[in-house]
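> Quick one: the structure is below, questions incoming.
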Amino acid sequence: MSTIDDLTEQEQRLIAADFAGRVLPLFEADYPDDDRPRKAIDAARAYGRGEITEAQLAAAEAAAEAAAWDAA
(Lines give C-alpha, C1' and ligand atoms only; values in the text may rest on other atoms or scores of the structure.)
Protein backbone atom coordinates (compact mmCIF):
# COMPACT_ATOMS: atom_id res chain seq x y z
CA MET A 1 0.00 0.00 0.00
CA SER A 2 1.26 3.47 -0.88
CA THR A 3 1.45 6.39 1.51
CA ILE A 4 1.56 10.13 0.91
CA ASP A 5 5.35 9.91 1.26
CA ASP A 6 5.45 7.72 -1.85
CA LEU A 7 4.02 10.55 -3.97
CA THR A 8 6.01 13.31 -5.61
CA GLU A 9 5.68 16.87 -4.34
CA GLN A 10 3.66 17.69 -7.43
CA GLU A 11 1.25 14.81 -6.79
CA GLN A 12 0.90 15.86 -3.16
CA ARG A 13 0.08 19.43 -4.25
CA LEU A 14 -2.61 18.18 -6.63
CA ILE A 15 -4.22 16.19 -3.82
CA ALA A 16 -4.01 19.16 -1.43
CA ALA A 17 -5.59 21.38 -4.08
CA ASP A 18 -8.47 18.92 -4.43
CA PHE A 19 -9.05 18.95 -0.67
CA ALA A 20 -8.85 22.75 -0.51
CA GLY A 21 -11.24 23.01 -3.44
CA ARG A 22 -13.85 21.09 -1.45
CA VAL A 23 -13.97 23.73 1.31
CA LEU A 24 -13.45 26.76 -0.91
CA PRO A 25 -17.22 27.38 -1.19
CA LEU A 26 -17.33 27.96 2.58
CA PHE A 27 -14.81 30.80 2.29
CA GLU A 28 -16.40 32.22 -0.84
CA ALA A 29 -19.84 32.27 0.80
CA ASP A 30 -18.51 34.72 3.40
CA TYR A 31 -16.06 36.55 1.13
CA PRO A 32 -17.46 36.38 -2.40
CA ASP A 33 -15.20 39.15 -3.72
CA ASP A 34 -11.94 37.62 -2.46
CA ASP A 35 -10.47 35.38 -5.14
CA ARG A 36 -7.05 34.87 -3.52
CA PRO A 37 -7.75 31.36 -2.17
CA ARG A 38 -9.20 30.23 -5.51
CA LYS A 39 -6.13 31.59 -7.30
CA ALA A 40 -3.85 29.76 -4.86
CA ILE A 41 -5.66 26.49 -5.47
CA ASP A 42 -5.42 27.05 -9.22
CA ALA A 43 -1.72 27.81 -8.83
CA ALA A 44 -1.14 24.65 -6.80
CA ARG A 45 -2.77 22.64 -9.57
CA ALA A 46 -0.73 24.45 -12.22
CA TYR A 47 2.46 23.78 -10.27
CA GLY A 48 1.49 20.13 -9.90
CA ARG A 49 1.16 19.94 -13.69
CA GLY A 50 4.52 21.70 -14.17
CA GLU A 51 2.96 24.84 -15.67
CA ILE A 52 4.29 27.48 -13.26
CA THR A 53 7.47 28.08 -11.29
CA GLU A 54 8.06 27.72 -7.58
CA ALA A 55 8.25 31.53 -7.33
CA GLN A 56 4.82 31.91 -8.91
CA LEU A 57 3.43 29.26 -6.56
CA ALA A 58 4.96 31.02 -3.55
CA ALA A 59 3.33 34.30 -4.56
CA ALA A 60 -0.08 32.64 -4.80
CA GLU A 61 0.42 30.93 -1.44
CA ALA A 62 1.35 34.24 0.20
CA ALA A 63 -1.80 35.86 -1.17
CA ALA A 64 -3.94 33.00 0.14
CA GLU A 65 -2.33 33.25 3.55
CA ALA A 66 -3.08 36.97 3.60
CA ALA A 67 -6.70 36.19 2.74
CA ALA A 68 -6.89 33.74 5.63
CA TRP A 69 -5.50 36.34 8.04
CA ASP A 70 -7.94 38.94 6.71
CA ALA A 71 -10.81 36.52 7.24
CA ALA A 72 -9.69 35.73 10.78
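The values are calculated or read from the model by the stated rules, or taken from the named source; none is laboratory data. Please read these numbers as outputs of a predicted model, since none were measured by experiment. Reconstructed Cβ throughout: ideal geometry from the backbone, glycine too, with neighbour counts over all protein chains shown. The protein model used for the area step is the full one, side chains on, heavy atoms only, and it has no ligands, DNA or RNA in it. Shrake-Rupley method; radii C 1.70, N 1.55, O 1.52, S 1.80 Å.
> Relative to the longest principal axis of the C-alpha atoms of the chain, give the angle of the C-alpha long axis of helix 9-30, reported between 0 and 90° and rounded to the nearest 10°.
20
> So how tilted is helix 36-48 from the main axis of the chain? Cα-based, degrees 0 to 90, rounded to 10.
Long axis of 36-48 versus the principal axis of the chain: about 10 degrees.
> Another question about this same structure. Quick one: Kirkwood hydrodynamic radius for the chain, alpha-carbon pairs, angstrom, one decimal?
Radius from the Kirkwood sum: 12.7 Å.
> Here's another thing I want to ask about it. Under a Cβ-only charge scheme (Lys and Arg +1, Asp and Glu -1), can you give me the dipole magnitude of the chain about the Cα centre, in debye to the nearest 20?
Dipole of the chain, to the nearest 20 debye: 140 debye.
> Probe radius 1.4 Å, ligands and nucleic acids ignored: give me the carbon and sulfur share of the accessible area of the chain as a rounded percent.
55
> Whole number in Å², please: accessible area per residue of the chain, 1.4 Å probe, ligands, DNA and RNA not counted.
71
> Follow-up question, since we're still on this one. Let me have the 222 nm mean residue ellipticity of the chain computed from DSSP H runs of 4+ only, each contributing -39500 (n - 2.57), with the sum over all residues rounded to the nearest 500.
For the chain, the value works out to -25000 deg cm²/dmol.
> Follow-up question, since we're still on this one. Can you compute the label reach from A66? Point 7 Å from Cα along the Cβ direction, backbone N cut-off under 14 Å, restricted to segment 11-36.
What the label zone holds, given the 14 Å backbone N cut-off, is 34-36.
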